[in-house]
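**Student:** Sharing a structure below in structure tokens format, with a few things to ask.
Each reported figure results from applying straightforward, stated rules to the coordinates on display, with no laboratory input. Not measured: the values here are computed from a predicted model. Here the Cβ positions follow ideal geometry from the backbone for every residue, glycine too, while neighbour counts run over all protein chains shown.
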Amino acid sequence: MKDILIIMGSRSDEPILDDAIPYLEKFGLSYDKVIASAHRNPDQVSALAKTASQHYRVIIAAAGKAAHLPGVFAGHTTLPVIGVPIKTSDLGGVDSLYSIVQMPKGVPVATVAINGAANAAILAAQILGIHQPDLQQKLEAFKEELKE
């Protein structure tokens with residue numbers, strides 16, 4: 001089982017999501033990256049989301065524009081889903097942010113800043129660190145580094 005699934009709606013999102021990788025590696029977290037659009041590949045996304053708990057512990061899901069991917073994922077799993085809104089040329093990412101942050105009651109998606117993949121990785125580490133003392137120590141050291 002891997003710690004994190006990073007799923008993005010488009011290959012163009014990958015450079016933004018790659019901002020998460022140094023943090024996942026810093027904290028020693030394993031991950032997979034998948035590109036699958038909630039609109040263009042809905043069956044693939046649904047199947048992946050329905051089986052995610054067999055393979056992962058936390059989901060980082062990113063998409064731009066209509067940005068349904070994090071919410072669709074959250075609708076199919078009980079795993080924590082962290083949504084990363086992607087900056088768009090149309091509305092600067094506000095469209096993505098609104099799409100992700102306005103989830104209905106019962107289908108939560110934790111949402112970070114527009115293009116905030118680094119914070120998504122740190123939040124995922126904090127979620128996983130609740131019951132992992134070694135990871136908690138790495139996070140505490142990281143917070144001390146931020147002070148300097």
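**Student:** Evaluate the relative contact order of the stretch 4-147 (contact order divided by residue number), counting alpha-carbon pairs under 8 angstrom at least 6 apart; express in whole percent.
**Tutor:** Reported as a whole number, the value is 24 percent.
**Student:** Skipping prolines and chain starts, which residues have an amide H placed within reach, meaning under 5 Å, of the one on A62, given they are 5 or more residues away or on another chain?
**Tutor:** Here the answer is I7, M8, G9, V84, since their amide H atoms fall under 5 Å of that of A62.
**Student:** Rank G9, P108, P133 by how far each Cα sits towards the positive end of the charge dipole of the chain (+1 on Lys, Arg Cβ; -1 on Asp, Glu Cβ) and give me just the farthest.
**Tutor:** Of G9, P108, P133, it is P108.
**Student:** Find how much the distance from F142 to Y98 grows on full extension, using 0.36 nm per residue of separation minus their present alpha carbon separation; answer in nm with one decimal.
**Tutor:** Length difference between fully extended and current span is 12.8 nm.
**Student:** Still on this model: How large is the charge dipole for the stretch 4-147, taken about the Cα centre, if only the Cβ atoms of Lys, Arg (+1) and Asp, Glu (-1) carry charge, to the nearest 20 debye?
**Tutor:** Working: 12 positive and 13 negative charges, 61 e Å.
In debye, rounded to 20, the stretch 4-147 gives about 300.
**Student:** Turning to a different aspect of this structure: So if we plug the beta-carbon distance of E14 and L91 into 1/(1 + (r/R0)^6) with R0 = 30 Å, what FRET efficiency do we get, rounded to 0.05?
**Tutor:** 0.90
**Student:** Report the gain in length on full extension from N119 to K50: 0.36 nm times residue separation, minus Cα-Cα distance, nm rounded to one decimal.
**Tutor:** 22.3 nm
**Student:** So what's the gap between the Cα centers of the stretch 58-93 and the stretch 1-41, to the nearest angstrom?
**Tutor:** 12
**Student:** Oh, and also: Which lysines have a Cα lying under 26 Å from the Cα of K2, excluding residues fewer than 8 positions away in the same chain?
**Tutor:** K26, K33, K50, K138, K143
**Student:** Suppose R0 equals 22 Å. What FRET efficiency, 1/(1 + (r/R0)^6) with r the Cβ-Cβ distance, do Q132 and E25 give to the nearest 0.05?
**Tutor:** Details: r = 16 Å, r/R0 = 0.73.
That pair, Q132 with E25, gives E of 0.85.
**Student:** Specify whether the C-alpha gyration tensor of the stretch 3-117 places it in the rounded, prolate or oblate class, a ≥ b ≥ c being the square roots of the eigenvalues: rounded for a/c under 1.5, otherwise prolate if a/b is larger than b/c and oblate if not.
**Tutor:** rounded
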